[in-house]
Structure formats: C-alpha cells, structure tokens
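Single-structure report; data block below.
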Amino acid sequence: MRKLSNYVPILDWGRRYNRGAFSNDLIAAVIVTIMLIPQSLAYALLAGLPPEAGIYASIVPIILYAIFGTSRALAVGPVAVVSLLTASAVGQVAEQGTAGYAIAALTLAFLSGGFLLLLGLLRLGFLANFLSHPVIAGFITASGILIATSQLTHILGVPAGGHTLIEMAETLLAHLGQVDLITLIIGVSATAFLFWVRKGLKPLLRALGLGARAADVLTKAGPVAAVVATTVATWALGLADQGVAIVGAVPQSLPPLTLPGMSPDLIRQLAVPAILISVIGFVESVSVAQTLAAKKRQRIDPNQELIGLGTANLGAAFTGGYPVTGGFARSVVNFDAGAETPAAGAFTAVGLAIAALALTPLVYFLPKATLAATIIVAVLGLVDFSILKKTWVYSKSDFAAVAATIVLTLGAGVEVGVASGVVLSIALHLYKTSRPHVAEVGLVPNTQHFRNILRHEVKTDPGVLTLRVDESLYFVNARFLEDLVQDRIAEGCEIRHVILMFSAVNEVDYSALESLEAINHRLTDLGVGLHLSEVKGPVMDRLGKAHFLDALNGEVFLSQYDAWTSLKSDEAVE
C-alpha cells in the first residue's frame, strides 16, 4: 500500500482527511471557483477555442491532479502562456473555428500528457533543470507582452492577427480607422476597473469595516463583477446589435467525452510543440508548487508532479479541453484562501461543473472585450523587466540568454522563443562548465588552509604548482584543464611538482580520465611530478578501476596540507 501511495498520493493524505481540512478546502474552492469562471472563458478565447473549452479543461484535469499530484495548493487548469502556445501550435495545422482546430487542441493535450507521464514513470523530472529560471523568466515576460498585445484586437473591436509583436503591431495600426467606439469604451473601462480592483478594492473594503476574509473574497470576485456589469449593459442596451462582439451561445453541459486525433501526420506536426508546452508547463508548475510547499514546510515530488500533470492533460484530451498546467495566480489564491489538501481542487471542479450546467446561458451577452481585459490584467503581472537588470548585474552570460530569449520570442514568435530558451539554457550550461574555475592556491600563514593566490596573502613555492579544480571533470571541460596545465608549465622551468587539488571534483568521466593520463604522460617526459590531493572516495574508486593511479608518476595525498609539507622546498615564500 505504501508503494502504491507513492504513485497515488491521495491514498496517503486521504487517510488523514478530517472535518477541519474539509471546511478549509471548501472555502478555498469557493474563492477559486469564482475566480476561475471568467478566467477559464478568457483563456479559451486566447487559445482560439470556444469559451466552454476553458471550463471543460478546468474540471476533469483538476480531479485527476488531486488524485495523482503531490502539491497541497497547486491549482491546475488553463494558463495564459500555455494557451498562447496552444494557439500558436494548433493555428499552424488547422484554421481557427473549425472542427479540425478543436481536434488538434485535444491531440496537443494528449501528446503533452503522454510525454509528461512517460517522464514521470521513468523518473526523469531532473531534465527540467536544464531550462534555466532566468531564461524562463525572459520567455514569460515576452509572452506576457505578446498575449496583452494580441488581446488589443478585442479591446479595439478590430480584426487583427500575427504571431510576432511586429506583425501584431502592423495589423493593429492598419485597422485603427475601424475601431469600434462602444467596444473600446467597454474594454478600457473593464481593464481600468480590474486594475483598480487588484490594488484598491481590498483597502477600501477594510476601511469600510469589512473583515479580512470577506474583503479578500470580494476582491477575488472583482472579475466576476466586471463580467456581470458588462454583460447586463450589453443585454439591456442591445449593444450586440451595434457591433459589440459577444461570447454567444455556450453549451449547457458537463464536459463531453472526446477523442484526440490519431493521424500520424497530425501527431508529427504537433509532437515538438507538445514537448515544448510540456517542459514550459512543468517548470512553471513545479516552481509554483515548491514555493508554496516551502511556506508550510511541505515537500513535493517532481517526478510525481510529472505523473499528476500528465494525467491531468490526458483527462483534458478526452473531455473537450486543451493543454493545462499549474497556474501561478490561482495557486496563490488557493493557498491564501486556506487550502490544506488537493481536495480543494476537486471541490473547485465540482463548482465549475455546476457553472457549466447552470450558468453558461448567462454569459451569452458577455462582451469579448471584457474577457480580453481579464487576460490583459492577468498577464501584465507576468511581465518583469527587472530580470534584465538583475542578470546584468549578476552575470553577463545570463543577461545575454534572457535578452536573446525576450527578443526572439517577441520577434519570431513563441515557439521559436521557447525553443531558443531551451537551446540557450543548455548552451549556457555547457559554456560555463566548459571553462571550469581553476585557481592556483597557496598556504594561508599559520593555518592548514589553502586559498587563491590572487585573493589572499599566502605562502607559495616556485617549485610546487597547486591548482584547485572547482568543478567536476567531464568531456566538455577536460581539455581545458589539460591546456591550462600545459600553458602553466611552459611559463617557467622551476616547477618540479604539480598538485591537482580535487576537493570540489565529484565526477571524472572517461574523457577527463584520458586528459589526466595525457597530463601525467607529458609531465613525466618533462621530469615533473603529478600529484593529487583531497580526492573523494567515489572518484578514487573510478581512477583505481582504470589503473590511472598505477601509472601516476606522483602520489595521492589525503589533504592538501600533507602534499604541501611533503613536496615544498626551503624556498617557499609569502
């Protein structure tokens, strides 16, 4: 049973579920449901799908994640970035509004779910670490700008399109003369109201004497107020007949049973976008889940999260949805509202199911401009240009990667942006590790500690060269150490001994072993001894198996101080 609960966490936390947890989860579910109704409709619009697809994608996937996920607060469903990626990927294989478009979205969710589930079962969650967080931040910032820009077409009431910032700007400018004034008033008013709700409503309600919990619930319900007000105004004033685009008829039903497309050609076209969506969604989801778990001294299992998100996406594929992941805003709301277990998500799904059955006729006259305003306000919170300043100050290479990701995403589209983010992250890792930090060290006077000769006043010996290798050695950086030793020896002929201090080396692969053998061979020809110090046990085991230690022309010392005292001459100086 315990082993099974590792793959089905509900068997673990479900045994300890009590009335107190039920009460807290139910309250959190009510708050999140109120927030998700307009948000789900809006994100479906962003993905180019019918509005009901957003609600469908928020029901079964949430229940499946509650069964298989490990985060107590993560709220799974449609999110802005994944919705944009869905529109970009599916838009290349089918025309928006057609049955083929909806089937392609289902297929994308199916492929994404299958990929995530496979990674989880193979325990490969660590692969997401290759996508650096600065690059992710750059991609999300650029995506936020693209999403907000794409929604201006609904705010202005003009036809527009494009996948890049330049294309969107050009089409918007070309249609400025066709702006619908009434739609513009609705869109701008809704946007301004939603921005004010975020910052000003809660302080106002508290000043009026309302309790903290009630004020928080009403603040979260701000988008619902905008939806109700603009829907009533559109219906009462007959604005739909005056050119205001509305949501229209939304099916009054629970999520239908659907089948993704299994055409080999369709799968081939969507395979790469599905992988990219999976990686981005998983990284974003795990980041949020880990942050929230840390606040309550809980932990999540990244590999099980892959399984949870994979089953959630498979659920979306068979119930009329599209790719989903853990959303930052809704998860924070869920956490702040007091959710204690994943059951809060299941209760949210029930609330959305009730909305799908009973409330969908009420959104017939909902202006698309209001949904666009909801998206704009939500995604502008994702835009964070401070990452550019932070990375510039901390690391120029990280800054270059972030800036390139932002520029490529804005200039070439989200798929190129996310693909470049993955490539840049890996390239950045390889570049950094290809040039490991290797410091020449000396003895700190009156101690047994060795430090960088460029940073500290230390004792050195002209006949003894000690190089501290500060990273593991593998095929990418092995030649760097080989060349460094060769160049250093060439600087003078006084060196009699070279000590490689391996205190920070955790791994030596076969390529690095060959480089060490080459160094040993060259130094032997020059009459210079090669020694190792502070070699870790696993590394010693590897070197011993390869017989490198038998061929070593010097010694292996337990500590650098032992090596120093054994090899130094009377000429050691400070």
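The values are calculated or read from the model by the stated rules, or taken from the named source; none is laboratory data. None of the values given here were measured: they were computed from a predicted structure. All Cβ positions, even for glycine, are placed from backbone atoms using ideal geometry, and neighbour counts span all protein chains on display. Protein only, heavy atoms only, side chains kept; ligands, DNA and RNA dropped before computing areas. Shrake-Rupley method; radii C 1.70, N 1.55, O 1.52, S 1.80 Å.
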Problem set entry | helices (runs of 4 or more DSSP H) completely within segment 193-292 that count 3 or more residues being modelled with pLDDT of 90 or more | 222-236
Exercise. Does G320 satisfy the condition of being at pLDDT 90 or above, in contact with a Pro (Cβ under 7 Å, 6 or more places away or on another chain) and buried (at least 22 other Cβ atoms within 10 Å of the Cβ)?
Worked result: yes
Exercise. Of everything in segment 240-262 that's in contact with a Gly (Cβ under 8 Å, 6 or more places away or on another chain) and β-branched (V, I, T), which residue is farthest from Q178 (Cα to Cα)?
Worked result: T258
Exercise. Pairs under 7 Å by beta carbon, first residue closer than 21 Å to R330 by Cα and open to solvent by 10 Å² or more (accessible area, probe 1.4 Å) in segment 356-376, partner of a type in the set (G, A, S) and part of a helix (DSSP H, G or I), six or more apart or different chains?
Worked result: T374/A42; I376/A148
For this session: Give the residues of segment 377-416 that are of a type in the set (S, T, Y), surrounded by fewer than 20 Cβ atoms within 10 Å (Cβ to Cβ) and assigned to a helix (DSSP H, G or I), sorted by residue number.
Result: S386, Y394, S397
Seminar exercise, completed: Residues in segment 523-570 that are over 14 Å from H497 (Cα atoms), in contact with a helix residue (DSSP H, G or I) (Cβ under 7 Å, 6 or more places away or on another chain) and open to solvent by 40 Å² or more (accessible area, probe 1.4 Å) total 3
Exercise. What tally of residues in segment 65-93 results from selecting those that are closer than 14 Å to G310 by Cα, buried (at least 24 other Cβ atoms within 10 Å of the Cβ) and among the β-branched types (V, I, T)?
Worked result: 1
Exercise. Among the residues of segment 287-299, which ones are surrounded by fewer than 22 Cβ atoms within 10 Å (Cβ to Cβ) and either in contact with an Asp or Glu (Cβ under 9 Å, 6 or more places away or on another chain) or over 19 Å from S83 (Cβ atoms) (or both)?
Worked result: Q290, T291, A293, A294, K295, K296, R297, Q298, R299
Exercise. Is it the case that D541 is free of Cβ contacts under 8 Å to residues at least 12 places away in the same chain and within 18 Å of F557 (Cβ to Cβ)?
Worked result: yes
For this session: Being touching a Pro at 6+ places or on another chain (Cβ under 7 Å), assigned to a helix (DSSP H, G or I) and either open to solvent by less than 50 Å² (accessible area, probe 1.4 Å) or among the acidic types (D, E) (or both) narrows it down to one of S143, S112, so name that one.
Result: S112
For this session: Restricting attention to segment 52-80, report how many residues are hydroxyl-bearing (S, T, Y), in contact with a strand residue (DSSP E or B) (Cβ under 7 Å, 6 or more places away or on another chain) and under 22 Å from T374 (Cβ atoms).
Result: 1
